[in-house]
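The values are calculated or read from the model by the stated rules, or taken from the named source; none is laboratory data. Given the structure is predicted, the values throughout are model-derived calculations rather than measurements. Cβ placement follows ideal geometry from the backbone for every residue including glycine, while neighbour counts extend to all protein chains displayed. To get the accessible areas, we keep the full protein, side chains included, count just its heavy atoms, and leave off ligands, DNA and RNA. Shrake-Rupley method; radii C 1.70, N 1.55, O 1.52, S 1.80 Å.
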Amino acid sequence: MTQFSRHGVLCGAELWNVHVVVLVKGILSFNFCEFLNPTAMPTVHDWINNPLGVVDGMFAQSHSSPDWEKKVVEYFKEKLKLNDAQAWVPSLNDVPLHYMKPNSLVKFRCMVQDMFDPEFFMGVYEINDPTSNSKQVKCGKYKDVTECGQVDFNSRNTVMSERQTFYCVPIPGESQWVKESYAGTSQARVVPSTSYVPNRHKRSYEDDDEMDTQPQQMKDVSQGAHSSAESHGNMEPKRQETKAPSQDSSQSHCTSSLDLNFPLPGEKGPACLVKVYENWDSFKLNDMLEVFGILSVDPALSVIAEEREVSSLLDPTDGMETVEEQRVHSPPASLVPRLHMLYAQPLVHNNPLLPSSPLENNDLSSVLGELASVRAELLTFLTHVLMGDSLAAEYLILHLISNVYSRRDVLPLGKFTLNISGCPLTSPYTEHLYNVIQQLVPSSFRLCMSLQNMNNQRMVPRKDYTANRLMSGILQLANNTSLFLDETQLGQGQLDTTGVQNITALGNLISWQKVDYDFNYHQMEFPCNINVLIASEGRSLLPSDCRIHLRPTLNPPNLEEYLSAVQVAQVPSQINKYRIYLSMARALNYTISDEITKAVEEDFVEMRKDDPQNMSAEDLHRLLVVARLLSLSHGQNTLSRDGWMKAKQLEVLRISRTQQQKCVNGNEP
């Protein structure tokens, strides 16, 4: 079997096998006549419901031209730009898979969890049509199976092409409000696909046509009947999305032993094998993408996978793949659908309240003026959540908008890990605090740092060479995820080897914004951009960029009722303002003028004269980070003298409180 160095970020000492994919199955032919002029599509449903017809039409018209494939991609890109057309494309994130029409255009908001072996497929092939006794040249791109007729493998017209396979999962830790907001803006009309049964070996396209020709009133009624289920992100009324419907024991056994490899426990939603046809080197592991592609759930894929697995059991020398690798790389299509990528839009963020593309300067200037007023309202809200501690609320805002904007050698610039100490242990306060943060940020996860979790959970992704896949871990997160470390859950006991490794991994994440993935024989660094907030009773055992000790000024008789009332008092429109504010402030560019830089240097020299012990280079760095975040939080993208003085005042108050706490707890470092 031919071997070559793998593509993408997982390049290294290993080699990946090249798989030749030739799946042959008879299906009914399309009528391509209406697609011979692809620029004259009558309605949006033509290119959404039958994108393969568009592709085959362009292929039939100009497959001899070397750039016909680029024209296909450009066609769909242009279509998706017009009149909010993206909202009409059904999403795998909020529409159950059995509602989707096979071979239709769908979208998937996801993270690249793994990169599988590249594979060869028949990009162009020739068939012998027995009915007309003629030969026809067909397009194999964006498909998993060939069309009807006998394939002539010896034809000179056969063209072998290469594609890459990404294993993609929903964005880990995505908040429920994000899922509901994306689902609520969708204009896609879907109905249960009554003609699709996962275990059938054939599927009639006449059934598809019947579904599309239903009266619009029937579609509206059917959609309304399921709107409550579809509006709640990945919730599905008829089946769990982590289990495939099955009627035979063999498929049930395969399904039960298949791990969908979600990084976070309790995650729901579909996983997809995304087939990428060009520029796959531009994608990296853990990238957030919105993929637009052709959905493939052909039952023949499951049948072929089962036959290959049986063949491997009978003759282990038949092929280089292990049974485990075949099971992982060729899962049932009803459980892990295939998505043939036409276009992928990298996501800088997954906040549905903001445009996915960066704002223009004109739009940005109008928004900056509103940030200061929203900040004041958010500060009041967080002060109530922190039981009257306005200083802690100030630092929590700075933390929530922090972002790694650059790297200088190995040092990540802009990170601001915050340790809120003094959290009460007698009530589930940290859980309520996390619930507030979860309502404000697009993606988050609360890690209870109990001894059991530290000693048993897998934090760092690990390469499984038997199944030839990357086993996910809790720290395999997309950029801009908020990680809430609840250290109040850490009781007395001893950390074992795994626990020590997990604590070390968390420390490396905080200090260097990187995770060292375990490839057994070596470790590979993967940079990340994750906001880490540590809630603890005393000083955290983990490093942090800044520590603020909680000093409540309110003492409600029932803390849970008080915190619930504080959250209920915020109307949805106000919460949406906070969500927009935090994402906007995080995305702003920031500069320091030469004049202010010189003033800061002179000020540092003066502070060193007063007390060299209390102003180190590390203290100056933290002060500059606080000044930067404080300016951005007020909608100012440059540092002013006034902003520098405010940052110094904040730090004086925080350090004074920390020193007072040391006097109270003499044994605390």
For this session: Check whether at least one residue in region 457-468 is of a type outside the set (A, V, I, L, M, F, W, C) and closer than 24 Å to Leu413 by Cα, and report yes or no.
Result: no
Exercise. Within region 378-433, which residues are open to solvent by 40 Å² or more (accessible area, probe 1.4 Å), within 25 Å of Thr553 (Cα to Cα) and among the polar types (S, T, N, Q)?
Worked result: Thr380, Ser390, Thr426
For this session: Sort through Tyr142, Tyr75, Tyr125 and tell me the only one that's of a type in the set (Ser, Thr, Tyr) and either in a helix (DSSP H, G or I) or open to solvent by 10 Å² or more (accessible area, probe 1.4 Å) (or both).
Result: Tyr75
Problem set entry | Residue satisfying all of: in region 542-564; aliphatic (A, V, I, L, M) and at pLDDT below 95; least open to solvent (accessible area, probe 1.4 Å) among these | Leu563
Exercise. Is it the case that region 631-649 has a residue that's polar (S, T, N, Q) and farther than 20 Å from Glu370 by Cα?
Worked result: yes
Exercise. So which of Ala535, Ala505 is in contact with a Ser or Thr (Cβ under 6 Å, 6 or more places away or on another chain) and within 29 Å of Tyr395 (Cβ to Cβ)?
Worked result: Ala535
Problem set entry | For Val112: the one exception among (1) assigned to a strand (DSSP E or B); (2) over 28 Å from Ser482 (Cα atoms); (3) in contact (Cβ under 8 Å) with a residue 40 or more places away in the chain; (4) of a type in the set (A, V, I, L, M, F, W, C) | (2)
For this session: Exactly one condition in (1) out of contact with any Lys or Arg (no Cβ under 7 Å at 6 or more places or on another chain); (2) assigned to a loop (DSSP other than H, G, I, E, B); (3) in contact (Cβ under 8 Å) with a residue 12 or more places away in the chain; (4) open to solvent by 70 Å² or more (accessible area, probe 1.4 Å) is not met by Lys577; state its number.
Result: (2)
Problem set entry | Flag if Ile510 is within 30 Å of Glu394 (Cβ to Cβ), out of contact with any helix residue (DSSP H, G or I) (no Cβ under 7 Å at 6 or more places or on another chain), open to solvent by less than 10 Å² (accessible area, probe 1.4 Å) and in a loop (DSSP other than H, G, I, E, B) | no
For this session: Considering only region 615-629, state which residues are within 18 Å of Leu368 (Cβ to Cβ) and either β-branched (Val, Ile, Thr) or open to solvent by 10 Å² or more (accessible area, probe 1.4 Å) (or both).
Result: Arg628
Problem set entry | Of residues in region 328-338 being out of contact with any Ser or Thr (no Cβ under 7 Å at 6 or more places or on another chain) and hydrophobic (A, V, I, L, M, F, W, C), the one farthest from Met288 (Cα to Cα) | Val328
Exercise. Hey, does region 642-659 have a residue that's over 17 Å from Phe416 (Cα atoms), open to solvent by 50 Å² or more (accessible area, probe 1.4 Å) and in contact (Cβ under 8 Å) with a residue 12 or more places away in the chain?
Worked result: yes
Exercise. Do we have any residue at all in region 595-609 that's assigned to a loop (DSSP other than H, G, I, E, B) and touching a Leu at 6+ places or on another chain (Cβ under 6 Å)?
Worked result: no
Seminar exercise, completed: For strands (runs of 3 or more DSSP E) lying entirely in region 363-428, having 3 or more residues that are modelled with pLDDT of 95 or more picks out 418-421
Exercise. Would you pick out the residues in region 459-480 that are assigned to a strand (DSSP E or B), of a type outside the set (Lys, Arg) and open to solvent by less than 10 Å² (accessible area, probe 1.4 Å)?
Worked result: Leu470
Exercise. How many residues are touching a residue at least 40 places away in the same chain (Cβ under 8 Å) and either of a type in the set (D, E, K, R) or not in a loop (DSSP other than H, G, I, E, B) (or both) if we restrict to region 437-458?
Worked result: 13
For this session: Search region 512-534 for residues that are more than 20 Å from Asp486 (Cα to Cα) and among the hydroxyl-bearing types (Ser, Thr, Tyr) and pair each with any residue that is open to solvent by 30 Å² or more (accessible area, probe 1.4 Å) and in a strand (DSSP E or B) when their beta-carbon atoms are under 6 Å apart and the residues are at least 6 apart or on different chains.
Result: Tyr517/Met524
Problem set entry | Selection status of Asp84, buried (at least 19 other Cβ atoms within 10 Å of the Cβ) and among the acidic types (Asp, Glu) | no
Exercise. Among the residues of region 434-445, which ones are of a type in the set (S, T, N, Q) and either touching an Asp or Glu at 6+ places or on another chain (Cβ under 9 Å) or buried (at least 21 other Cβ atoms within 10 Å of the Cβ) (or both)?
Worked result: Ser443, Ser444
